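Undergrad: Sharing a structure below in structure tokens format, with a few things to ask.
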Amino acid sequence: MRRTPDMALPADRRASIAVDLGAESCRVSLLRWVADKATISLVHRFANAPREVDGALHWDLKMIEAGVDHGLQECATIATEGVRSIAVDGWAVDYARVDAEGRALADPFCYRDERTIKAERALHRKIGPERLRELTGIQLLRINTLYQLYADALQGLPEGRQWLNLPEYILSRWGGARVAEHTNATHTQMVELYQRQWCREIFSAAHLDLASAAKIVPPGTEIGRLRGPLAELPTLRGAVLIAPACHDTASAIAGIPATGNDWAYISSGTWSLVGTLLEQPRNGDAAAEENFTNLGAVGGRICFHKNVNGMWLIRQCIEKWTGDGRVWTVPELVAEAEKMPKPHGLLDVDDPDLLLAGRMPQRINAQRVRKGFEALDERPENAPVFASLIFHSLASRYAKVLDRVAFHSGKKLKRLFVVGGASQNDYLNRLTKEATGLELFRGAAESSTVGNFAVQLAVLEGSRDAVTGAYAEQVSRWAGLFVAALAQTPAK
């Protein structure tokens, strides 16, 4: 990781707030300038998970709204100097359908709901997967917003005035303009790869109303000022609302203060996003066949990567074992897995069955039996054996994907930056380093928050052209400063 040169402090020393919506937990963090130094603290964290309602998986939107509102109130109490800006990033693809006043019509569906299995098959009869890939350059995943919106249509759900991805919905709820930030919009699988606008052909084929999609804006766009009850708090009054890289992965990659052309990344959490940054997309036949994606990144760049299953596997196993009476924590499993012998027969971690919720130990064993391996003892006492198998399988998969990243990008990769929650998994990091042969750097666990703040400061401190390499470099410099600040500031 490069050293970040000293940067001029912002003329306006008021605080900034970054909200990071996660599929397992949501976080509200505060950036302050204390004694001429940046300090970042986690002010409020609350658990998040989909819940089953009438046989379908939904997010509890009221709970999320209450949680982020509470986080802003806590920040207002702490930041007596006032709050300059607020930005929100989060997981992609899920959305709220809203009425003319911007109110949500219902709790959003969770992307893991199985309704999109039918929707994907039905839509591909209207517009083929090869054509979708050609138009968008996006990895074909049934979780993508396109299939969810088509599932809405098949179910006869009311369209509403608009639909907004969840980070943009939260910003609009606080008074921001209704927008679709580009990095998040690309993950819908409805944006033209080179034109960077909604694709009319896809909307037409899916019989979706183009008017229901918000205007696409680049990361770092100011979209208004805080309004409503929260704006009555003196320290929040006048705070600027910013659409950062609203896709949390794009924010996490923006939070890596690396230069040069020899590095790759793994944004490692529920999912593992394995890839590299490019100046131009790669959408040739080979990249399409291997289902690599070309998602928007800060500064007009491309996050060229592949979705790989991640800590979802472990957490789903833990949920099952908890139900069986033994509560394991991830750190406990990591420590115990390291004592296990190398497993025989690795998993295909991207098996579609392993992306589904529930019964994960049984799902793993079902795959092992199909591949001719012996089933493992599924009792909670045998959890370290499962954990060892998962970690070795993930590391092996990372290595294979990174080999293809190097091939498609033409880069000679030397360095690998691991960010996100699983960056703290020392055992998985060691296995990954051994499997890839790359020099591995552990970035910030809260890299999405770092990138969120970096985009805010880049635009607030005068860089208004958000689609240039120079803007990306400024974001990277701020990220370097904030990585150091996060390392030095204990979480609340």
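The values are calculated or read from the model by the stated rules, or taken from the named source; none is laboratory data. Everything numeric here is computed off the predicted structure, so don't read it as measured data. As a convention, Cβ positions derive from the backbone with ideal geometry for all residues, glycine included, and neighbour counts pool all protein chains shown. We work out accessible area using only protein heavy atoms, side chains counted, and drop any ligands, DNA or RNA first. Shrake-Rupley method; radii C 1.70, N 1.55, O 1.52, S 1.80 Å.
Undergrad: Here are some residues: Leu346, Leu376. Which one is of a type in the set (A, V, I, L, M, F, W, C) and open to solvent by 50 Å² or more (accessible area, probe 1.4 Å)? Let's see the steps before the verdict.
TA: Values: Leu376 fails: open to solvent by 50 Å² or more (accessible area, probe 1.4 Å).
Going through Leu346, Leu376 in turn, the sole match is Leu346.
Undergrad: Further question on the same structure: Among the residues of region 349-371, which ones are open to solvent by 50 Å² or more (accessible area, probe 1.4 Å) and among the charged types (D, E, K, R)?
TA: Listed by number, the residues that qualify are Arg359, Arg370, Lys371.
Undergrad: Quick one: in region 343-370, of everything that is charged (D, E, K, R), within 28 Å of Arg51 (Cβ to Cβ) and assigned to a helix (DSSP H, G or I), which residue is modelled with the lowest pLDDT? Don't jump to the end; show me each part of the working.
TA: Narrowing region 343-370 to residues charged (D, E, K, R): 348, 350-351, 353, 359, 363, 368, 370.
Next cut, within 28 Å of Arg51 (Cβ to Cβ) only: 350-351, 353, 359, 363.
When the remaining residues are screened for being assigned to a helix (DSSP H, G or I), the result is 353, 363.
On the way: Asp353: 92, Arg363: 97.
Among residues in region 343-370 that are charged (D, E, K, R), within 28 Å of Arg51 (Cβ to Cβ) and assigned to a helix (DSSP H, G or I), the one modelled with the lowest pLDDT is Asp353.
Undergrad: Within region 72-99, track down each residue that is open to solvent by less than 20 Å² (accessible area, probe 1.4 Å) and under 17 Å from Glu232 (Cβ atoms).
TA: Residues satisfying the conditions are Leu72, Cys75, Ala76, Ala79, Gly82, Val83, Ile86.
Undergrad: For region 28-42, name all the residues that are within 23 Å of Val455 (Cβ to Cβ) and surrounded by fewer than 21 Cβ atoms within 10 Å (Cβ to Cβ).
TA: Initial filter on region 28-42 (within 23 Å of Val455 (Cβ to Cβ)): 28-34, 36-42.
Across region 28-42, the qualifying residues are Trp33, Val34, Asp36, Lys37, Thr39, Ser41, Leu42.
Undergrad: While we're here: Please give the number of the condition Ser409 fails out of (1) more than 15 Å from Ile266 (Cα to Cα); (2) surrounded by fewer than 16 Cβ atoms within 10 Å (Cβ to Cβ); (3) of a type in the set (S, T, N, Q).
TA: Condition not satisfied by Ser409: (2).
Undergrad: If you scan region 239-250, which residues turn out to be at pLDDT 95 or above and either polar (S, T, N, Q) or out of contact with any helix residue (DSSP H, G or I) (no Cβ under 6 Å at 6 or more places or on another chain) (or both)?
TA: Correct list: Ala239, Val240, Ala243.
Undergrad: Does at least one position in region 294-308 carry a residue that is of a type in the set (S, T, N, Q), in contact with a Pro (Cβ under 6 Å, 6 or more places away or on another chain) and in contact (Cβ under 8 Å) with a residue 24 or more places away in the chain?
TA: We begin by selecting, within region 294-308, every residue of a type in the set (S, T, N, Q); these are 294, 307.
Applying the additional criterion that residues be in contact with a Pro (Cβ under 6 Å, 6 or more places away or on another chain) yields 294.
If we keep only those that are in contact (Cβ under 8 Å) with a residue 24 or more places away in the chain too, we end up with 294.
Among the residues of region 294-308, at least one is of a type in the set (S, T, N, Q), in contact with a Pro (Cβ under 6 Å, 6 or more places away or on another chain) and in contact (Cβ under 8 Å) with a residue 24 or more places away in the chain, which makes the answer yes.
Undergrad: Here's something else I'd like to know. Would you please list the contacts, defined by Cβ atoms under 9 Å and residues six or more apart or on different chains, that run from a residue in region 471-485 that is among the β-branched types (Val, Ile, Thr) to a residue that is part of a helix (DSSP H, G or I) and open to solvent by 10 Å² or more (accessible area, probe 1.4 Å)?
TA: Matching pairs, first to second residue: Val475/Ala254; Val475/Val298.
Undergrad: If you don't mind, there's one more thing I want to ask. Among the helices (runs of 4 or more DSSP H) confined wholly to region 151-247, which include 1 or more residues that are open to solvent by 10 Å² or more (accessible area, probe 1.4 Å) and under 21 Å from Ala87 (Cβ atoms)?
TA: Values: elements: 166-173, 182-186, 200-205.
Per the criteria, 166-173, 182-186.
So that you can scan it fast, the table gives a plain yes or no per residue for (1) within 30 Å of His58 (Cα to Cα); (2) touching a residue at least 24 places away in the same chain (Cβ under 8 Å); (3) aliphatic (A, V, I, L, M):
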{"site": "Gly345", "(1), (2), (3)": "no, yes, no"}
{"site": "Val349", "(1), (2), (3)": "yes, yes, yes"}
{"site": "Ala383", "(1), (2), (3)": "yes, yes, yes"}
{"site": "Phe386", "(1), (2), (3)": "yes, yes, no"}
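Table: residues versus (1) without any contact (Cβ under 8 Å) to a residue 60 or more places away in the chain; (2) in contact with a Pro (Cβ under 9 Å, 6 or more places away or on another chain); (3) among the small types (Gly, Ala, Ser).
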residue: Arg84; (1), (2), (3): no, yes, no
residue: Asp89; (1), (2), (3): no, yes, no
residue: Val93; (1), (2), (3): no, no, no
residue: Val98; (1), (2), (3): no, no, no
residue: Asp107; (1), (2), (3): yes, no, no
residue: Arg112; (1), (2), (3): no, yes, no
residue: Ala119; (1), (2), (3): yes, no, yes
residue: Arg125; (1), (2), (3): yes, no, no
residue: Pro129; (1), (2), (3): yes, no, no
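Undergrad: Test each condition in (1) outside any loop (DSSP other than H, G, I, E, B); (2) within 20 Å of the chain's Cα centre (by Cα) for Leu123 and report the one that comes out false.
TA: It is condition (2) that Leu123 fails.
Undergrad: Which of the numbered conditions does Val450 fail, given that it passes all the others? Conditions: (1) touching a residue at least 24 places away in the same chain (Cβ under 8 Å); (2) open to solvent by 10 Å² or more (accessible area, probe 1.4 Å).
TA: Of (1) touching a residue at least 24 places away in the same chain (Cβ under 8 Å); (2) open to solvent by 10 Å² or more (accessible area, probe 1.4 Å), only one is false for Val450: (2).
Undergrad: Could you say which residue among Glu192, Glu201, Glu159, Glu168 is out of contact with any Lys or Arg (no Cβ under 6 Å at 6 or more places or on another chain) and closer than 30 Å to Cys75 by Cα? Before the answer, list the steps.
TA: Numbers: Glu192 fails: closer than 30 Å to Cys75 by Cα; Glu201 fails: closer than 30 Å to Cys75 by Cα; Glu159 fails: closer than 30 Å to Cys75 by Cα.
Checking each option against the conditions leaves just Glu168.
Undergrad: Any idea which residue in region 38-74 is nearest to the chain's Cα centre (by Cα), counting only those that are closer than 21 Å to Ile86 by Cα and charged (D, E, K, R)?
TA: This residue is Arg45.
Undergrad: Suppose we filter region 8-27 for residues that are surrounded by fewer than 16 Cβ atoms within 10 Å (Cβ to Cβ) and under 20 Å from Gln456 (Cα atoms); how many remain? Break it down into steps so the answer makes sense when it comes.
TA: Keep residues of region 8-27 that are surrounded by fewer than 16 Cβ atoms within 10 Å (Cβ to Cβ), which gives 8-9, 11-13, 24-25.
Filter once more, keeping what is under 20 Å from Gln456 (Cα atoms): 8-9, 11-13.
So the count comes out to 5.
Undergrad: What about Ala250, is it touching a strand residue (DSSP E or B) at 6+ places or on another chain (Cβ under 8 Å) and in a loop (DSSP other than H, G, I, E, B)?
TA: Values: touching a strand residue (DSSP E or B) at 6+ places or on another chain (Cβ under 8 Å): yes; in a loop (DSSP other than H, G, I, E, B): no.
Judged against the criteria, Ala250 is not a match.
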